[in-house]
Each structure stands twice: as structure tokens, then as C-alpha cells.
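**Student:** Sharing a structure, written as C-alpha cells. Questions coming.
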Amino acid sequence: MDYTYANPQFFWLFIAWLATIGWYVFRQKRLNPYMQVASVEGLKGVRTSRPILRHGLFVLRMMAFALMILVLARPQSSNRWETVTTEGIDIVMALDISGSMLAQDFKPDRLEAAKRISTQFISGRTNDRIGLVVFSGESFTQCPLTTDHTSLINLFNSVHNGMIEDGTAIGLALANSVSRIKDSDAISKIIILLTDGVNNRGSIDPMTAAEIAKTFGIRVYAIGVGTRGMAPYPVRTPFGVQYQDMPTEIDEDLLKEIAKMTDGQYFRATDNDALVKVYEEIDRMEKSKISVQEHHKKTEEYLKFALVAALLLLFEIILRYTFLRNLP
């Protein structure tokens, strides 16, 4: 196995390690003087392993110190490849910010509920590129496709009614979204179109924009938000903004046709919980799994060296204070 080292500067400690060995050898020569004798005939049969065992303790300690230097250098393995399955698609979210999105059949209102639930959806799509298009009477790109979801969520939260003139330009919103995603080489391209109204502005017919989306292989998930029947809408009066119950008008037939043409799906959300479930369903359906071979991230390998070093030190201590405790 090939190793790299995160802290190779610690290898300089081997100089001290070698110096310690040199000092030990020099010290042994001074502590163990020798003498010359005419004959060793009288010493035959006198054998002892005590000096060898004493040196063995030093060898164990130095082996442990060498391994500790390796631990400090942090060896890392980097020669493994593996097949990783990831999920990555490109998504453009087209959000209606017209005045009717301030209706309070959602809490606190349709727009704020859509923003909060949409950002939860974004947070769960860590491998996707996501962009944001907003629309009412006109349409513009609030954020191009990006993997920087923190910045995207900040831009999402800054969206508010009144940024552009009022109205509901579904065709323009869809066309703008298509232009942002059509050149993507992602395995899956989708647009999530969220609105609560009827197309009444813009120079592009929604079905024409849907045909263009189909040409580029883009699926459209259309979401109609609003309770069935009456809902409290904000109305400007001489006494300020007041809320009056007015009928919810969503062109569901148009949204269904757009979804059908692009091989997408239409959803109706009548309250916060229903909108959460819609996004959960889209999240479940849009799981494009892609298998890629990538180099494994560097793996820390110092633990096994540290373990061996600890065992060597423990063995040296046991020998020193048990079997070899009487050695000088």
C-alpha cells in the first residue's frame, strides 16, 4: 500500500532517535569495561543471557518511539478506488410572487409558506444544481443553477411580493426557466413551477413554452397552491390593506397540460402540510442515481501504528518490572 504523510516534518525526529541509539551504545562501552586475560579456559560453561535481555528492553523502547514518530507524521493511504453512487440532477424552481400569493389560506401566507417549504426541499438535495426564477407580471432569474445552496437559500428568503409588477405570467416564467436549464448536460432536468393563479400576462403562451421544454427533455412539475373555494386575499382600501374572502382561481387544466406534455406531473396543495407532501413526492420521484468511479478520500492509517507502539511499550514495562526486574 502506498502512503502519504500529512505531517512529514516530524521525520526530523529520527535524528534524535539515531542520536539516542548512538548515546546508548557509547554509554554501554563506558559502563562495561573489559580486561585482557591469558586464557578463557576457566570461564567455559559460564553463560548468561542477562546482557542480551537488557539490550532487548532498549530495542523494544526504540521500536516504540520509531512508531510514535510515524504516528505524528500521520500516514494516510491513498491508493484505493471505489464505485460511488450519487444523485445529481439540475432543477429550476419557478416561484409565483404575485399579490394573490399573500392570501392567508396558508400560514402565514402562500408566499412565505412556499419559500419555507421550498428551502427545506433544497437543503435535502445536496448533490443537485438548483436555480430560482421568480415571476408575477414579468419574470427574471433570481439565482442561476448552483451547488451553493446556502447562497441560494439566502436569495430565496429575500424574495417578496412587489419586486416586479403584478400579474401572473406563467408562459414567461416557464420560458425563462427553460433558457436557464436547456444547455445542461445533467442526466435529469426538471422545472418546478409553483403558482396560484391564471396566466394573464406576458408575451409567451404557456403551451408554447411547454413545447420548448419538451424539445430539450425537461420535465415540468406544476404545483397549484390555494385552498378550494374561498380564501382571505389582501385588498388595498383607503384604510390600508384588509383581507377579504375571494374565490381561489387556479388554471388547473393548463398546469395539467404543461405537466403531461413534458412527462411531468401536476399537484394541488391546499395547505402547508399538503405542500410539504408535494415536495416529498417530487423528491422521491427525482432520484437519478449515477454510478461513478472516484478515488477514495485519503484514509488515516496512524491508528494501527499507535496501537503497535503502545503494545511494545507495555511489553517493555511488563518485562522490566517482572521477569527482568533484577537486571542492573
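**Student:** Looking at the stretch 231-262, which of its residues are surrounded by fewer than 13 Cβ atoms within 10 Å (Cβ to Cβ) and out of contact with any Gly (no Cβ under 8 Å at 6 or more places or on another chain)?
**Tutor:** 235, 236, 237, 238, 239, 240, 241, 242, 244, 245, 253
**Student:** Quick one: residue 221 ticks every box in (1) surrounded by 16 or more Cβ atoms within 10 Å (Cβ to Cβ); (2) at pLDDT below 95; (3) aromatic (Phe, Trp, Tyr) except a single one, so which number is it?
**Tutor:** The failed condition is (2).
**Student:** Kindly indicate whether any position in the stretch 155-164 is within 26 Å of the chain's Cα centre (by Cα) and without any contact (Cβ under 8 Å) to a residue 40 or more places away in the chain.
**Tutor:** Quick first cut of the stretch 155-164, residues within 26 Å of the chain's Cα centre (by Cα) only: 155-159.
Retained after the next criterion (residues that are without any contact (Cβ under 8 Å) to a residue 40 or more places away in the chain): 155, 158.
Yes, because at least one residue in the stretch 155-164 is within 26 Å of the chain's Cα centre (by Cα) and without any contact (Cβ under 8 Å) to a residue 40 or more places away in the chain.
**Student:** Could you list, in sequence order, the residues of the stretch 142-187 that are under 23 Å from residue 89 (Cα atoms), surrounded by fewer than 16 Cβ atoms within 10 Å (Cβ to Cβ) and hydroxyl-bearing (Ser, Thr, Tyr)?
**Tutor:** 146, 147, 150, 151, 179
**Student:** Do any residues in the stretch 75-99 that are on the phi > 0 side of the Ramachandran plot and surrounded by 14 or more Cβ atoms within 10 Å (Cβ to Cβ) have Cβ atoms under 9 Å from those of residues that are modelled with pLDDT of 90 or more and in a strand (DSSP E or B), where the two are at least six apart or on different chains, and which pairs are they?
**Tutor:** Within 9 Å, no pair qualifies.
**Student:** Can you name the residue in the stretch 111-128 that is assigned to a helix (DSSP H, G or I) and of a type outside the set (A, V, I, L, M, F, W, C) and, of all such residues, is farthest from residue 225 (Cα to Cα)? Please lay out each step first, then the result.
**Tutor:** Taking the stretch 111-128 and keeping what is assigned to a helix (DSSP H, G or I), we get 111-123.
Subsequent filtering for residues that are of a type outside the set (A, V, I, L, M, F, W, C) retains 112, 115-116, 118-120, 123.
Working: 112: 12, 115: 12, 116: 14, 118: 13, 119: 16, 120: 17, 123: 21 Å.
It comes out as 123.
**Student:** Follow-up. Among the listed residues 144, 108, identify the single one that is free of Cβ contacts under 8 Å to residues at least 40 places away in the same chain and within 30 Å of residue 230 (Cα to Cα). Full working, then the answer.
**Tutor:** On the way: 144 fails: within 30 Å of residue 230 (Cα to Cα).
One residue alone meets the criteria, 108.
**Student:** What are the pairs with Cβ atoms under 9 angstrom where one residue, in the stretch 240-256, is within 25 Å of residue 171 (Cα to Cα) and the other, located anywhere, is in a helix (DSSP H, G or I) and not hydrophobic (A, V, I, L, M, F, W, C)? Sequence gap at least six, or different chains.
**Tutor:** Listed pairs, sorted by first residue: 246/100; 248/100; 249/100; 251/206; 254/206; 255/206.
**Student:** What do you reckon, is residue 89 hydrophobic (A, V, I, L, M, F, W, C) and modelled with pLDDT of 95 or more? Full working, then the answer.
**Tutor:** On the way: hydrophobic (A, V, I, L, M, F, W, C): yes; modelled with pLDDT of 95 or more: no.
Considered against the rule, which asks whether it is hydrophobic (A, V, I, L, M, F, W, C) and modelled with pLDDT of 95 or more, residue 89 comes out as no.
**Student:** Next up: Taking residue 131, is it more than 24 Å from the chain's Cα centre (by Cα) and either part of a strand (DSSP E or B) or in contact (Cβ under 8 Å) with a residue 12 or more places away in the chain (or both)?
**Tutor:** On the way: more than 24 Å from the chain's Cα centre (by Cα): no; either part of a strand (DSSP E or B) or in contact (Cβ under 8 Å) with a residue 12 or more places away in the chain (or both): yes.
No.
The values are calculated or read from the model by the stated rules, or taken from the named source; none is laboratory data. Bear in mind the structure is a predicted one, so any value in this text is a computation, not a measurement. A quick note on method: Cβ atoms are made from the backbone with ideal geometry, for glycine too, and the neighbour counts reach across all protein chains shown.
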